[in-house]
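Here, each number is a calculation from the coordinates, and none is a lab measurement. For clarity, every value in this text was computed on a predicted model and none was experimentally measured. Neighbour counts are summed over all protein chains in view; Cβ atoms, including those assigned to glycine, are modelled from backbone coordinates with ideal geometry.
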Amino acid sequence: MYKALCEYARSLGCKAVTDEAMYKHITFRLGGEAKAFIEPNSEENLIKILQKCAGSGVHYALIGNGSNLLVEDSGFDGAVIHLGNDFSTIKLISDTEIFAAAGASLMRVCSFALENSLTGLEFAYGIPGTAGGAAFMNAGAYGGEMKDVLYKCTHINPDFSVGTLEGEALRLSYRHSAYAENGAVITGLYLRLQKGDSAQIKEKMHELYGRRKDKQPLEYPSAGSTFKRPEGYFAGKLIEDCGLKGASVGGAQVSEKHAGFVINTGGATCDDVLKLCAKISDAVQRRFGVTLEREIKILK
């Protein structure tokens with residue numbers, strides 16, 4: 001089944017392999033194999049591959065940079081469809097508006113905004129994901145989030161038709177969008193920014209990136225912030241106050257630099273990460289009565 005799916009994808013000119021090690025494709029650098037790993041080369045062929053999966057009864061999941069994901073140690077029993085270089089177009093569509101394909105690196109989109117003296121995306125400089133992932137989860141940092149600049153998305157519906165969502169229909173809220181429930185695949189983003197001074201934009205980007213480097217364990221594999229921010233609290237502060245900085249299970253560790261990050265110190269398994277997350281959640285619940293919700297998604 002998976003071999004036939006990959007052969008079909010290759011017949012369309014797409015890259016496709018079976019039994020692909022997923023640690024190579026997620027920023028946590030862990031997890032088992034996917035039964036198939038496919039990189040579509042166009043929206044048309046992406047639709048054909050999705051239709052083929054549906055017609056063959058193949059479970060599939062879309063990924064970008066893999067920056068907010070865990071893959072179980074047993075692997076993923078389905079096809080991983082990676083939106084990569086062929087979905088990375090970034091272009092100016094007006095003096096203040098940018099189109100970015102879903103597979104474009106968010107860092108590249110920020111740099112493109114800087115090159116065109118457009119302000120509003122500085123907060124996202126340094127977020128290690130793709131534009132599509134950022135829209136899906138309404139990514140944010142340092143007082144900004146995608147809902148401040150994102151006004152429209154293009155997508156492929158579950159019935160394989162092409163559609164759009166715009167404005168309030170995107171339902172952007174804290175780490176959430178309409179795409180969390182509607183089953184559509186984001187293919188492109190439309191961002192509305194403002195004209196600004198390129199020197200000031202660059203200075204702000206470098207300032208925020210410097211703050212990331214100083215406070216976050218960027219030198220270790222991780223999936224970024226492990227837990228969502230509980231209303232009225234900061235997850236990292238709660239975890240630190242429980243005395244869990246440096247706590248570990250196997251190769252997974254609560255960062256000694258920032259307690260809001262679980263890192264892979266080397267050889268961590270998905271099971272290590274999940275057990276450590278459970279330990280953290282239990283401790284915070286017992287001490288503060290606050291329920292932590294994991295921000296990292298498991299590929300299922």
Worksheet item: Calculated FRET efficiency, Ala21 and Lys237, Cβ-Cβ r, R0 51 Å, to nearest 0.05?
Response: 0.90
Worksheet item: R0 = 30 Å: FRET efficiency of Ser42 with Glu168, Cβ-based, nearest 0.05?
Response: 0.45
Item to complete: Quote the FRET efficiency, to the nearest 0.05, computed for Ile298 versus Ser248 with a Förster distance R0 of 30 Å and r equal to the Cβ-Cβ distance.
Response: 0.90
Worksheet item: What nm distance separates the two modelled labels at Ser56 and Val290, each placed 7 Å from Cα along Cα→Cβ?
Response: 4.6
Worksheet item: Spin-label point model (7 Å from Cα, Cβ direction): what's the Lys202 to Asp73 distance in nm?
Response: 4.8
Worksheet item: For segment 217-298, what is the relative contact order in percent, using Cα pairs closer than 8 Å and at least 6 residues apart in sequence?
Response: 36
Discussion item. Just to be sure I understand the model, the point goes 7 Å from the Cα along the line to the Cβ. What's the resulting Thr265 to Arg108 distance in nm?
Written reply: 3.6
Worksheet item: When the helices in the chain are scored as -39500 (n - 2.57) per DSSP H run of 4 or longer and the sum is shared across all residues, what 222 nm value do you end up with, to the nearest 500 deg cm²/dmol?
Response: -9000 deg cm²/dmol
Discussion item. Give me Glu72, Glu168 sorted ascending by neighbouring Cβ count inside 10 Å, so fewest comes first.
Written reply: Glu168, Glu72
Item to complete: With P(r) over Cα pairs in 20 Å bins from 0, in percent defined as stated, name the option among (1) 33, 58, 10; (2) 33, 61, 6; (3) 29, 55, 16, 0 computed from the structure displayed.
Response: (1)
